[in-house]
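Enquirer: Just passing along the structure, written as structure tokens.
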Amino acid sequence: MKKNTLCLWYNHDAEEAAKFYAQTFPDSKVGAVHRAPADFPGGKAGQVLTVEFTVCGVQCIGLNGGDIFKHSEAFSFQIATDDQAETDRYWNAIVGNGGAESECGWCKDKWGLSWQITPRVLTEAIAKGGEVAKRAFEAMMDMRKIDVAKIEAAVRGKAT
């Protein structure tokens, strides 16, 4: 185990979530699955307790801790995308697998974990500052899934 690993709390389905992430995102995989050696709050001996997995190169552990704690938008994965096709693929995978849309490129998976599916054109425009950043930001504020063409138009100073 690395010195720093994200620990994500799940009710009882960390392994299912890890498999979904591994199938959906590049540089992602499921590692070791550890079973509880004894009963624990929210589970029984022999059930999956933790799952080691990687999401886009970020090492995580999924902990099946029961329904005591919930995910919130205070934590999210931000996935940088190169074009509309990649943006659509990740967004549709999350939302289409029991997730939910939110605003400004945010969505939640069916386990309640928040994701920001963010085209690079948007982050690059905001990093430029000034009027370019303002136009791109204002365009984004009306979106759920980010529309790359509309962000590109805003960067150029053209309304769509």
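The values are calculated or read from the model by the stated rules, or taken from the named source; none is laboratory data. Note that the structure is predicted; figures quoted are calculated from it, not measured. Here Cβ is always computed from backbone atoms with ideal geometry, including for glycine, and neighbour counts include all displayed protein chains.
Rundown of residues vs (1) small (Gly, Ala, Ser); (2) in a helix (DSSP H, G or I); (3) outside the structural domain of Glu15 (by TED's automatic domain parsing); (4) over 16 Å from the mean Cα position of the chain (by Cα), yes/no style:
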{"residue": "Ala80", "(1), (2), (3), (4)": "yes, no, yes, no"}
{"residue": "Thr87", "(1), (2), (3), (4)": "no, yes, yes, no"}
{"residue": "Cys104", "(1), (2), (3), (4)": "no, no, yes, no"}
{"residue": "Glu124", "(1), (2), (3), (4)": "no, yes, yes, yes"}
{"residue": "Val132", "(1), (2), (3), (4)": "no, yes, yes, yes"}
{"residue": "Glu138", "(1), (2), (3), (4)": "no, yes, yes, yes"}
{"residue": "Lys145", "(1), (2), (3), (4)": "no, no, yes, no"}
{"residue": "Ala154", "(1), (2), (3), (4)": "yes, yes, yes, yes"}
{"residue": "Lys158", "(1), (2), (3), (4)": "no, no, yes, yes"}
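Enquirer: Could you give every pair whose Cβ atoms fall below 7 Å, whose first residue belongs to the range 51-71 and is modelled with pLDDT of 95 or more, and whose second residue is basic (Lys, Arg) and in a strand (DSSP E or B), counting only separations of at least 6 or pairs across chains?
Expert: Phe53/Lys29; Thr54/Lys29
Enquirer: Next up: I'd like to verify a number: residues in the range 20-30 that are in contact with a strand residue (DSSP E or B) (Cβ under 8 Å, 6 or more places away or on another chain) and surrounded by 16 or more Cβ atoms within 10 Å (Cβ to Cβ), how many? Explain how you work it out, then say what you get.
Expert: Initially, the range 20-30 is screened for residues in contact with a strand residue (DSSP E or B) (Cβ under 8 Å, 6 or more places away or on another chain), giving 21-22, 25, 27-30.
Still in the list and also surrounded by 16 or more Cβ atoms within 10 Å (Cβ to Cβ): 21-22, 25, 28, 30.
So the count comes out to 5.
Enquirer: Scan the range 21-29 and give yes if some residue there is under 11 Å from Ile61 (Cα atoms) and in contact (Cβ under 8 Å) with a residue 12 or more places away in the chain, otherwise no. Walk me through it before giving the result.
Expert: Of all residues in the range 21-29, those under 11 Å from Ile61 (Cα atoms) come to none.
No, the range 21-29 has no match at all.
Matching residues to (1) closer than 17 Å to Arg144 by Cβ; (2) within 15 Å of the chain's Cα centre (by Cα); (3) surrounded by fewer than 16 Cβ atoms within 10 Å (Cβ to Cβ); (4) hydroxyl-bearing (Ser, Thr, Tyr):
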{"residue": "Ala36", "(1), (2), (3), (4)": "no, no, no, no"}
{"residue": "Lys44", "(1), (2), (3), (4)": "no, no, yes, no"}
{"residue": "Val58", "(1), (2), (3), (4)": "no, yes, yes, no"}
{"residue": "Gly96", "(1), (2), (3), (4)": "yes, yes, yes, no"}
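Enquirer: Still on this structure: Condition (residue is of a type outside the set (Phe, Trp, Tyr) and farther than 23 Å from Glu101 by Cα) applied to the range 68-87: is it met by at least one residue?
Expert: yes
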